[in-house]
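*Asks:* I'd like to ask some things about the structure below.
Taken together, the values in this text are just the output of simple stated rules run on the coordinates, not laboratory data. Remember, it's a predicted structure, so these values are computed and weren't measured experimentally. Here the Cβ positions follow ideal geometry from the backbone for every residue, glycine too, while neighbour counts run over all protein chains shown.
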Amino acid sequence: MSVSMTKPWTPLTAETLALVPGSVGVFEVADESGVIAIDYAGGNSLFGLRGALGEWLAEQRGLSFRYERTNAYLSRYRELVQVFVNDSGAVPRNLVGRDVPTGHIRSN
Amino acid sequence: MGFAITETQRTLIENVRRFVRNEIIPLEFELDPDESELSPDVLAGLVAKTKQMGLYNLDVPEELGGVGADTVTRTLLAMEMSQHRAGLYSPCYAAFGQPDMAQLYEATDEQKKRYLFPILRGEKKSFFGLTEPSGGSDPARSIQTRAKRDGSDWIINGNKTFISGADSADFGLVFARTGDQESGRGGITCFIVDADAPGLTVRRVIHTLRSGHYPTELVFEDVRVPAEAVLGEVGQGFAMANERLTRNRIPYAAGCLGVAMMAHRMAVEYAGTRSVFGSKLADHEGIQWMLVDSEIDLRSAAAVTLDAAERADSGRPFRTEVAIAKIVATEAAGRVVDRAIQIHGGYGVTKDLPLERWYRELRIRRIGEGSTETQRMIISRDMLKGRYTSWMDR
């Protein structure tokens, strides 16, 4: 089992966004340079993953996304961020200046 | 049994209750409903307040700079500290001190300097590495992680699972077999292992019903530690773990009762305000009986939990009493929260209220820190070994 997210990337458009569930879960957003955001749609989110990804669509065009629908969104989010930071040595753009979950987990 | 809360305890309870209501619950309105951590600066502000209250490091002996609360007082306060959304697994977000690592009180002076005192100052975090894929309920037999001598060093190989906090810890207490597989309790040794030791990998987070405060899986591949990493005596690790597990089950049980008390209070209030079929919920006998059953559950569970705490303080044997408290409190709390959800109807299962989180997390409490079935085995062993003694004569 991989600790990284392995689902294929999907272009972020109004049409693909409409197919995203309104439930809680984790997601990644990428541009041509690679992953720029790792985040979650939690219990306080409006329209769950669809709402959170909709904010990215409103902000920037030409992005791709992938997501996992999971009730364990906080633990999965912390795992994904640790792996990304430990493997790449960088913090995803959306977490710069925020409390970043730190730890020892890296990709297998 | 014959328990009465002292004036001092009453004052402490009121202070902690005020802290939870004024400092913790308002913070939670801004957090994700599953959150179990605060940002470091917010936590530092809370810790400053608990230090001012004279209640920081409640479990730590006075000679080490802690409060040194007796078990009964600690139990009463555990019931108060858990009365908020994250309270079951993160009571007050550790503002009253990090979870106790009492094994380190037995450490050498050098070990204390390097590991215990930074923990007490809140500068380091630790994990407790006992459970393995081969089982957690019977560690004496199931531990397969091995430590072999290599000169004066030890080399550790094996796997640990369901280990909370290992991904963000600075070090851990790791229990490994130093005798042969048939050596049982006497063949287990406790090692202090730095989290960045070469060969130690936190392989993954184990995603469970509990999303904020999660367990992890560890792999040890030729992890080399010096002889000074042994905590206590070689072969005495099980006794050390067992003592900690037994005593910890008392506040563990009390924490369950805390969230159940809050859920029950919410249910009573809601039943008094919500109308259905032309009258308040509380006017319906079906609801009244549910509330009464919860009241009975809470009072009886609190009685056996405080009885166990009192025995622990008195120096009398308390293993059976703790096992009873652990079973009764974890199961009663689950029933009380379940009824509170039923009384709240659809709202009860939403993340708008804390009930659904407590319901999920309480399910784990019947397994964690020794399952209900393991506790029953402990009680039956004590009961059937030698001449039976009734509770009145114990």
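*Asks:* Roughly how tilted is helix B:372-384, in degrees to the nearest 10 and between 0 and 90, from the longest Cα axis of chain B?
*Replies:* Tilt of helix B:372-384: around 80 degrees.
*Asks:* Let me ask something additional. So what's the gap between the Cα centers of region B:183-219 and region B:130-173, to the nearest angstrom?
*Replies:* 6 Å
*Asks:* Just to check I understand the Karplus step: with θ = phi - 60° and J = 6.51 cos²θ - 1.76 cosθ + 1.60, what whole-Hz values come out for region B:265-276, glycine and proline as x?
*Replies:* 4, 4, 5, 4, 5, 5, 4, x, 10, 7, 9, 8
*Asks:* Tell me the relative contact order for chain B as a rounded percent, counting alpha carbon contacts under 8 Å between residues six or more apart.
*Replies:* 15 percent
*Asks:* Follow-up question, since we're still on this one. Scan around B:Arg203 for amide H atoms under 5 Å from its own, H built in the peptide plane at 1.01 Å from N, and keep only partners 5 or more places away or cross-chain.
*Replies:* Amide H neighbours of B:Arg203: B:Glu217, B:Leu218, B:Val219.
*Asks:* For all pairs of alpha-carbon atoms in chain B, what percent lies in each bin of width 10 Å, listed from the first bin to the last filled one?
*Replies:* 5, 21, 31, 26, 12, 3, 1, 0, 0
*Asks:* If you place +1 on the Cβ of every Lys and Arg and -1 on the Cβ of every Asp and Glu, how big does the dipole about the Cα centre of region B:7-77 come out, in debye to the nearest 20?
*Replies:* Working: 7 positive and 14 negative charges, 86 e Å.
Around 420 debye, computed over region B:7-77.
*Asks:* At B:Ile296 and B:Arg363, where each label point lies 7 Å from the Cα along Cα→Cβ, what is the point-to-point distance in nanometres?
*Replies:* Distance between label points: 2.6 nm.
*Asks:* Ok, one more. Determine the sum of side-chain charges near B:Val72: Lys and Arg each +1, Asp and Glu each -1, restricted to other residues whose C-beta is under 11 angstrom from that of B:Val72.
*Replies:* -2
*Asks:* Taking the number of other C-beta atoms within 10 Å as the exposure measure, put B:Met79, B:Met266 in order starting with the fewest.
*Replies:* B:Met266, B:Met79
*Asks:* Across peptide B:30-40, how many C-beta atoms of other chains are within 10 Å of each residue C-beta, on average?
*Replies:* Working: counts 1, 3, 10, 5, 10, 4, 2, 4, 1, 2, 1.
Counting Cβ atoms of other protein chains within 10 Å of each residue's Cβ and averaging gives 4.
*Asks:* Once R0 is set to 41 Å, what does the formula 1/(1 + (r/R0)^6) return for the Cβ-Cβ distance between A:Thr13 and B:Thr350, expressed as a FRET efficiency to the nearest 0.05?
*Replies:* 0.85
*Asks:* Output ³J(HN,Hα) for region B:22-32: one whole-Hz value per residue in order, computed from phi by the Karplus curve 6.51 cos²θ - 1.76 cosθ + 1.60 with θ = phi - 60°, and x for Gly and Pro.
*Replies:* 8, 9, 8, 4, x, 4, 5, 5, 9, 9, 4
*Asks:* Now for a separate question. Under 5 Å between amide hydrogens, which residues at least 5 positions from B:Glu132 or on another chain qualify, with H placed 1.01 Å from N in the peptide plane?
*Replies:* Placed amide hydrogens put B:Thr161 under 5 Å from B:Glu132.
*Asks:* Right, something else. If I build a Gaussian network model for chain B, linking alpha-carbon pairs within less than 10 angstrom, which residue out of B:Val205, B:Val292, B:Val234 has the largest mean-square fluctuation?
*Replies:* B:Val292
*Asks:* Please order B:Lys385, B:Lys124 by the number of other Cβ within 10 Å, starting at the fewest. Write out the running numbers ahead of the final one.
*Replies:* On the way: B:Lys385 8, B:Lys124 18.
So the ranking, lowest neighbour count to highest, is B:Lys385, B:Lys124.
*Asks:* Mean separation of Cα pairs under 8 Å and 6+ residues apart, divided by the residue count of region B:248-335: what relative contact order is that in percent?
*Replies:* 41 percent
*Asks:* Something else: Once you charge only the Cβ atoms, +1 for Lys and Arg and -1 for Asp and Glu, what is the size of the charge dipole of region A:34-108 about its Cα centre, to the nearest 20 debye?
*Replies:* Dipole size: approximately 120 debye.
*Asks:* Tell me, in nm to one decimal, what length is gained between B:Arg149 and B:Glu243 on full extension, where the rule is 0.36 nm per residue of separation less the Cα-Cα distance?
*Replies:* 31.2 nm
*Asks:* Which is the longest run of chain B containing none of the GluC sites (Glu not before Pro) found in DSSP loop states (not H, G, I, E, B) with at most 10 other C-beta atoms within 10 Å?
*Replies:* Here the longest segment lacking exposed loop sites spans B:124-394.
*Asks:* Give, in nm to one decimal, the length gained when the segment between B:Thr389 and B:Ser39 is fully stretched (0.36 nm per residue of separation minus the Cα-Cα distance).
*Replies:* 120.9 nm
*Asks:* Tally Lys/Arg at +1 and Asp/Glu at -1 over every other residue whose Cβ is under 15 Å from the Cβ of B:Leu291; what's the total?
*Replies:* -1
*Asks:* If you take every DSSP beta bridge fully contained in chain B, what fraction is antiparallel? Give it as a percent rounded to 5.
*Replies:* Restricted to chain B, the bridges split so that about 85 percent are antiparallel.
*Asks:* Sticking with this structure for a sec: Between region A:23-44 and region B:315-386, how many Å separate their Cα centres?
*Replies:* 36 Å
*Asks:* Which cross-chain or sequence-distant (5 or more) residues have an amide H under 5 Å from the amide H of B:Val60, H modelled 1.01 Å from N in plane?
*Replies:* Placed amide hydrogens put B:Val67, B:Gly68, B:Ala69 under 5 Å from B:Val60.
*Asks:* Test of understanding: in a Gaussian network model of chain B with alpha carbons linked when under 10 Å, which of B:Gly199, B:Gly258, B:Gly97 would top the mean-square fluctuation ranking?
*Replies:* Of B:Gly199, B:Gly258, B:Gly97, the most mobile in the Gaussian network model is B:Gly199.
*Asks:* Which value, in debye to the nearest 20, gives the size of the charge dipole of chain B about its Cα centre, when Lys and Arg are +1 and Asp and Glu are -1 at the Cβ?
*Replies:* It comes to approximately 680 debye.
*Asks:* Of B:Ser90, B:Ser314, B:Ser142, which has the largest mean-square fluctuation in a 10 Å C-alpha GNM of chain B?
*Replies:* Comparing B:Ser90, B:Ser314, B:Ser142 in the GNM, the peak value goes to B:Ser314.
*Asks:* Would you list the P(r) distribution for region B:241-367, with all Cα-Cα distances sorted into 5 Å bins from 0 and each bin expressed as a whole %?
*Replies:* Each 5 Å bin holds this share of Cα pairs: 2, 12, 21, 19, 16, 11, 8, 6, 3, 1, 1, 0.
*Asks:* Along the Cα→Cβ direction, 7 angstrom out, place labels at B:Glu106 and B:Ser137. What is the inter-label distance in nm?
*Replies:* Those two pseudo-labels are separated by 2.6 nm.
*Asks:* Please list, short to long, the whole-number percent of alpha-carbon pairs of region B:170-290 in consecutive 5 angstrom bins beginning at zero.
*Replies:* 2, 9, 11, 11, 13, 12, 9, 6, 5, 5, 6, 6, 4, 1, 0
*Asks:* Provide the packing ranking of B:44-56, A:26-38, i.e. peptides ordered by the mean count of other C-beta atoms within 10 Å per residue, highest first.
*Replies:* A:26-38, B:44-56
*Asks:* Compute the Cα gyration tensor for the protein assembly as shown, then decide on rounded, prolate or oblate, letting a ≥ b ≥ c be the square roots of its eigenvalues: rounded whenever a/c is under 1.5, prolate when a/b is larger than b/c in the other cases, and oblate in all that remain.
*Replies:* oblate
*Asks:* Please compute the modelled spin-label separation between A:Asn86 and A:Ser107, points set 7 Å along Cα→Cβ, answer in nm with one decimal.
*Replies:* For the pair A:Ser107/A:Asn86, the computed spacing is 1.4 nm.
*Asks:* Another one. Counting alpha carbon pairs within less than 8 Å and at least 6 residues apart, what relative contact order, in whole percent, applies to chain A? If you can, show how the numbers build up before the last one.
*Replies:* On the way: 182 pairs, mean separation 34.6, N = 108.
In percent, rounded to a whole number, it is 32.
*Asks:* In a shell of Cβ-Cβ distance under 10 Å around B:Trp391, excluding B:Trp391 itself, what net charge do Lys and Arg (+1) and Asp and Glu (-1) give?
*Replies:* Around B:Trp391, the charge tally is -2.
*Asks:* So, one more: Between B:Glu228 and B:Asn15, what length comes free when the chain is fully extended (0.36 nm per residue of separation minus the Cα-Cα distance, one decimal in nm)? Walk me through the intermediate numbers first.
*Replies:* Working: separation 213, 0.36 × 213 = 76.68 nm, distance 4.20 nm.
Gain in length upon complete extension: 72.5 nm.
*Asks:* Okay, moving on. Ranking B:Met101, B:Met392, B:Met377 by Cβ neighbours within 10 Å, fewest first, what do you get?
*Replies:* B:Met392, B:Met377, B:Met101
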